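Undergrad: My questions all concern the structure below.
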Amino acid sequence: HKSMSKRLFRQQADNLCITDCTPLYADDSTNMCVDTCPTPTTADNNTYTCKGKCVYGEFMEENVCVTTCSDGYFADNLTRSCLDKCPEDPFTFADPFVKKCVFQCSPNYYGFFDNRTCEQTCPAGLFT
């Protein structure tokens, strides 16, 4: 069987080659330890590496991959990112119950087309 060699990264502060950049991030594109990951990569706070994009089930929020978006943001499966407003194409609703952009609102929530949100009650003048 073939032995695996550990990847080395350059740490500029001490001018050393190291295998673990923690608490900095390992940037595979430059083989350097960096404070912030270069665009379009994102910082993964679990592995302290720069990732090209978030894996399935994670969403990019402020250059960090998260499993749940912060309040006021909605997870979009298409872009794998947290958005403050869900995309119009394809048409989706921002569902506050599941904190995701959805094609159909959760039970007991109603899709409001004007602002593409899921509401618990219809705005005045609108009916279910």
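Undergrad: Treating each Cα of segment 41-96 as an identical point scatterer and ignoring solvent, apply the Debye formula and state log10 I(q)/I(0) at q = 0.12, 0.23, 0.27, 0.30 Å⁻¹.
TA: -0.26, -0.84, -1.06, -1.21
Undergrad: Which FRET efficiency value, to the nearest 0.05, do you get for TYR48 and THR79 by plugging their Cβ-Cβ distance into 1/(1 + (r/R0)^6) with R0 = 25 Å?
TA: Here the calculated transfer efficiency is 0.55.
Undergrad: Counting only the heavy atoms of the protein chains, how much of LEU24 is accessible to a 1.4 Å probe, in Å² to the nearest 10?
TA: In the full protein context, LEU24 sits at about 50 Å².
Undergrad: Per residue, how much accessible area does the chain show when a 1.4 Å probe rolls over the protein heavy atoms, in square angstrom?
TA: 70 Å²
Undergrad: Could you give log10 I(q)/I(0) at q = 0.17, 0.18, 0.22 Å⁻¹ for the chain, computed by the Debye formula over C-alpha point scatterers of equal weight, without solvent?
TA: Rounded to two decimals, the profile gives -0.85, -0.91, -1.15.
Undergrad: Turning to a different aspect of this structure: So what is the relative contact order of the chain, in percent, for Cα pairs below 8 Å that sit 6 or more residues apart?
TA: Normalised by residue count, the contact order of the chain is 11 percent.
Undergrad: Give me the percent of the accessible area of the chain that comes from carbon and sulfur atoms, probe 1.4 Å, all protein chains in place.
TA: C and S fraction of accessible area: 52 percent.
Undergrad: What figure, in Å² to the nearest 10, do you get for the accessible area of PHE112 with a 1.4 Å probe and non-protein molecules left out?
TA: We get 40 Å² for PHE112.
The values are calculated or read from the model by the stated rules, or taken from the named source; none is laboratory data. This structure is a prediction, so every number in the text was calculated from the model and none was measured. Counting neighbours? That spans all protein chains shown, and the Cβs are built from the backbone with ideal geometry, glycine included. Heavy atoms of the whole protein, side chains included, go into the accessibility calculation; ligands, DNA and RNA do not. Shrake-Rupley method; radii C 1.70, N 1.55, O 1.52, S 1.80 Å.
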